[in-house]
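Here is the structure we will look at, set down as structure tokens.
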Amino acid sequence: MKVLLVGNGGREHAIAKKLLESTRIKQVFCVPGNGGTATTKGCQNLSLNIDDFQGMERFVMVNNIGLVIVGPELPLSLGIVDYFQQKKLMAFGPTQAGAQIESSKSWAKQLMLEAGIPTPKAAVFTNPEAAKAYVVEQGTPIVIKADGLASGKGVTVATTVKIAHSAINTIFRGEFGTDNIRVVVEEYVTGQEVSILALTDGITVEPLLPAQDHKAIGEGDKGANTGGMGAYAPAPIVTPELMERIQTEILEPTLAALQKRKIDYRGVLYAGLMITDEGELQVLEFNCRFGDPETQAVLSLLETPLEDLLLACCKQRLGDFAEIRWKSGAAVCVVLASGGYPGSYEKGKTITGIEAAEAKGAEVFHAGTQLKQQQLVTDGGRVLGVTAVGETFEQAIAKAYEAVDCIEFEGVYCRRDIGRRALADKS
């Protein structure tokens, strides 16, 4: 089978490499792909944009592509799956209606309230002055969120009224889009965040291994939010008992609420949870796609063929799986970023040392890279995801950072504490 994979991040490179482990997958075509997919055997990049649905359709028809897999949230929110379904072509991911669970935080909040899913108290505003007045009334700390898609950067945890008002001004200036601007002002809750990536065929919902992301740019979770500076799986804080609660209190009620709205949701249902210090569950957000960089860690431990799971979701046969099989041990992904990220940064920096890093036993997933004249160069804020598997977290962390130290490009930055919390949680 040949696959068309939409996206150009570390998540897509990880999906492509996992698919190519199977003898059933003949070739993966990436739209537009990156330097990693350009240099991975069995992969080929296509010069198409992720919103060029007609161009992708023509390629699928001419080249007898069996499955389209959509990585990022933007094409899902634009209705790419609806488009392919209308053409009777198989695509993995939710429809435009289902993708609202990520493309509109206010829509997702309303869905959660209707379904009785635990989530922090929030209010939605279309007027900046009303939002600011609400902040003063509620006090700080408080969370300010852009309602729409913001590439993981539209959330501010405001410790002062001044910071909250500045975040509100930023959103209403159109920093994260100018159409139908809304801001969600949310109660601040403390605890540990956990990413639960679940697969669903619209009838059955099956969680993958729990993962933990590191969103802040600085060590100790300090500084500005990013798209994610690293991840590990399985998150020790999620015990089997807690996973059972997540299944019955969050995943199943969410799917039921989507069904009630007549939304046939097939794809990834990703719950971003807070586990409070008291052991309570709070859903901070939902996403409609695989997480990045959580996918790099989770898929590194997956034994069940990925294409079997994705096809089962498309065909509404996920319930046929008795269980999803996993390798033992732990996986840790450390993101190497461009200097200046998540602010401004330069591109085009030469990357060296990837072969040496992989010789240490790690896998290097490309995110913001490009192949120019047979030379890999930086092409984004998050450049590489160095991922290692070990029988223990200690082994996985050590192996990942040993590989990280082999890689060089001007301005390279990474957090040095990825996975440390897992060690504390296990002890």
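We did not get these values from a lab; they are worked out from the coordinates using the rules stated. Being a predicted model, the structure only gives us computed values, none of them experimental. Counting neighbours? That spans all protein chains shown, and the Cβs are built from the backbone with ideal geometry, glycine included.
With Cβ to Cβ distances under 9 Å as the rule, what net charge do the other residues near GLY272 carry (K, R +1; D, E -1)? Walk me through the numbers before you get to the answer.
Working: positive: none; negative: GLU193, ASP213, GLU285.
So the surrounding residues net to -3.
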Net charge of neighbours whose Cβ lies under 15 Å from the Cβ of PHE176, counting Lys and Arg as +1 and Asp and Glu as -1: -1
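Using unit Cβ charges (K, R positive; D, E negative) and no other charged atoms, how large, in debye to the nearest 20, is the dipole of the chain about its Cα centre? Spell out each step's value before the answer.
Numbers: 42 positive and 51 negative charges, 195 e Å.
Once rounded to the nearest 20, the dipole reads 940 debye.
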Normalised contact order of the chain, rounded percent, pairs of Cα under 8 Å and 6 or more residues apart: 16 percent
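Can you compute the helix-only [θ] at 222 nm over the chain? Use -39500 (n - 2.57) per DSSP H run of at least 4 residues, normalise by all residues, nearest 500 deg cm²/dmol.
Details: 16 runs with 136 residues, N = 427.
After summing the helix terms and dividing by residue count, I get -9000 deg cm²/dmol.
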Unit charges on C-beta of K, R, D, E only; dipole of the range 2-95, Debye: 440 debye
Charge sum, other residues only, whose C-beta stays under 11 Å from PRO305's C-beta, Lys/Arg counted +1 and Asp/Glu -1: -1
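Using r as the Cβ-Cβ distance of GLU303 and ALA133, and R0 as 45 Å, what FRET efficiency do you calculate, to the nearest 0.05?
0.25
Can you divide the C-alpha Rg of the range 134-264 by 2.2 N^0.38 Å and report the result to two decimal places?
The range 134-264 yields a ratio of 1.22.
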Packing rank of 75-85, 6-16, where each peptide gets the mean count of other beta carbons within 10 Å, highest leading: 6-16, 75-85
Full-stretch length increase - TYR188, GLU278 - with 0.36 nm per residue and alpha-carbon distance subtracted: 30.9 nm
Cα-based reach from LYS121 at 18 Å (exclusive), listing lysines while leaving out same-chain residues under 8 positions away: LYS105, LYS109, LYS132, LYS145
Within a Gaussian network of the chain (alpha carbon springs, distance under 10 Å), most fluctuating of ASN63, ASN287, ASN225: ASN63
